[in-house]
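Working notes, structure below.
Please treat every number below as a calculation from the coordinates, not as lab data. Treat the numbers as computed from the prediction; the structure is a model and nothing was measured. With ideal geometry, Cβ positions are generated from the backbone for all residues, glycine too; neighbour counts draw on all protein chains shown.
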Amino acid sequence: MPDLKNYREVGVFDLLSAPLNPIGAFDAEQFKQDARALIDAHPDDKFVAVDLMGLDFVYSDAYNAFLQFQHELSSKGGMLALLSNSATITDGLKKAGLDRKLKVFAFEAELMSFSLHSQTPEEQPAVSVPDEPEAVPVASQNVRSASEISPDERRGERKTGHQRRFTKSFNAITKDEKKLAKQGMAMPFDEEKSSGTTVLAIIVILITIGGLVAFFLMR
């Protein structure tokens with residue numbers, strides 16, 4: 001069998017040139033012959049693409065030929081793909097319900113990207129699922145275990161220090177504070193006593209002045 005010259009390798013794909021008939025349309029019958037010769041010559045190749053760049057449309061017989069080789073290649077774990085940036089061809093595939101069966105790439109770079117990420121199941125590395133980390137108990141900063149409580153604290157003799165939030169109880173009043181409180185309670189009475197004395201002195205002075213005025217008036 002002579003060497004095939006109507007295809008080139010792009011990634012994992014054998015990119016087959018689109019055969020054209022004399023009027024420049026896609027030749028489905030010639031494509032079947034070319035695809036069959038390519039697959040028979042390279043039985044280990046599972047990915048074939050058809051270069052439809054420059055074509056605005058293909059007829060229904062081309063779709064039937066594409067499906068024929070797609071079915072054959074998919075049975076080996078591969079695929080038949082189309083290389084086309086024509087909206088008319090893409091729309092035709094959707095209308096025929098073939099957009100989910102035939103993969104369309106708009107650029108050769110997409111063929112290369114797919115090739116880099118495509119692996120058959122036996123080629124995929126085993127993925128080990130990491131064990132869930134064991135829960136590490138976190139000691140509470142506010143609660144202490146029974147072993148950390150001293151005998152004195154069990155008897156109710158709680159100590160102050162870094163283990164307590166407050167170092168002084170609200171009910172702990174020093175002797176000086178009691179003395180000040182006592183003086184504060186006595187202060188209102190002292191103020192009332194001082195005010196009463198002042199009023200009495202004023203009354204006495206007024207009476208004395210009134211008596212003197214009356215004495216001079218009577219003379």
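Observations on the structure shown:
- Distance in nm between pseudo-label sites at Phe107 and Thr197 (7 Å out along the Cβ direction from Cα): 10.5
- Net charge of Cβ neighbours under 14 Å - reference Ile39; Lys, Arg +1; Asp, Glu -1: -2
- Using θ = phi - 60° and Karplus 6.51 cos²θ - 1.76 cosθ + 1.60, couplings along segment 200-206 (whole Hz; Gly, Pro as x): 4, 5, 5, 4, 4, 5, 5
- Overall shape: rounded for segment 7-117, with the ratio a/c of the largest to smallest alpha carbon gyration tensor axis below 1.5.
- Using the average count of surrounding beta-carbon atoms within 10 Å as a protection proxy, the listed peptides 75-81, 106-112, 199-205, 91-97 rank, highest first, as 75-81, 106-112, 91-97, 199-205.
- Database remark: amide H of Asn85 closer than 5 angstrom to the amide H of Gly54 (H placed geometrically; neighbours at sequence offset of 5 or more, or on other chains; Pro and chain starts carry no H).
- Potential lengthening between Gln30 and Ser60 on full extension [0.36 nm per residue; Cα-Cα distance subtracted]: 9.3 nm
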